[in-house]
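The values are calculated or read from the model by the stated rules, or taken from the named source; none is laboratory data. In this text, all values refer to a predicted model and were calculated from it rather than measured experimentally.
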Amino acid sequence: MPPEPAPPPARRAVSPLDHRIEAVTGHDIDTLWAYRDRGVLDKPHAQLVDQHRELAKTQTGVTFYLRLLHRLSSGEFDVDDALLARIDRTVDQLEDATDARDAAARKVLAALEPVEAAAAASAPGAKPLSTNDQAAMLAIAGGAKLYEHLLTGRMSVTTASGSRIPHTTLRRLEAAGLVVRDTGHPVHAGQPVALTDAGRAALFAARRAPTTRAPKLPARSGTSPSTPAQRR
């Protein structure tokens with residue numbers, strides 16, 4: 001009997017907590033993962049996404065061993081001592097994978113609760129970012145530098161995508177505390193420009209899609225409860 005194959009590489013798996021994360025952020029999980037990779041998220045949201053990635057990885061392990069157990073018990077193999085030993089080993093592996101999934105879910109909940117609390121307490125009257133400022137900050141999030149032209153003395157921001165941002169826009173965003181320059185570099189060589197934590201939070205809130213979903217929806221059929229139960 002061939003050995004069990006290794007679990008496949010981790011992909012985003014559906015978890016019962018996805019609904020709560022999407023409801024409080026206004027973004028689907030795939031968008032949140034993309035924003036995390038681009039450096040758009042502030043620290044609390046970035047931590048939440050990192051913990052969700054770990055949960056997705058552990059959920060993939062649970063799904064793998066469930067499918068393996070189903071295959072072993074499907075009648076495909078002769079029932080003998082080797083099959084029984086393999087089933088017993090798979091049950092142990094499933095138990096370990098479930099324990100890891102439950103521990104990861106608790107960490108997601110710990111990261112989610114302060115985000116939900118902050119969303120509930122956020123001031124609805126905060127001045128929104130303009131469309132142009134949103135575009136500029138999103139470009140800066142991907143990497144940007146402020147340059148001074150040696151001949152004309154004009155200054156502008158060049159982003160990693162090749163776009164240019166006027167110096168007046170940079171000064172306005174700096175004054176609002178949304179971006180910051182690394183003044184340790186000479187401006188003629190390029191001063192790195194980055195979003196501040198406040199800038200990430202403002203950009204994330206501005207790009208939040210309107211949602212009419214309830215804050216908490218029932219778990220999808222066939223999924224485990226959002227709060228792991230003690231199995232032993």
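Summary table
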{"quantity": "Those residues of the range 177-232 which are among the aromatic types (F, W, Y) and at pLDDT 80 or above, in sequence order", "calculated": "none"}
{"quantity": "Residue that is part of a helix (DSSP H, G or I), outside the structural domain of G39 (by TED's automatic domain parsing) and not hydrophobic (A, V, I, L, M, F, W, C), where the choices are T168, T158", "calculated": "T168"}
{"quantity": "When residues of the range 20-67 are limited to those that are small (G, A, S) and not in a helix (DSSP H, G or I), the one nearest to A119 (Cα to Cα)", "calculated": "G26"}
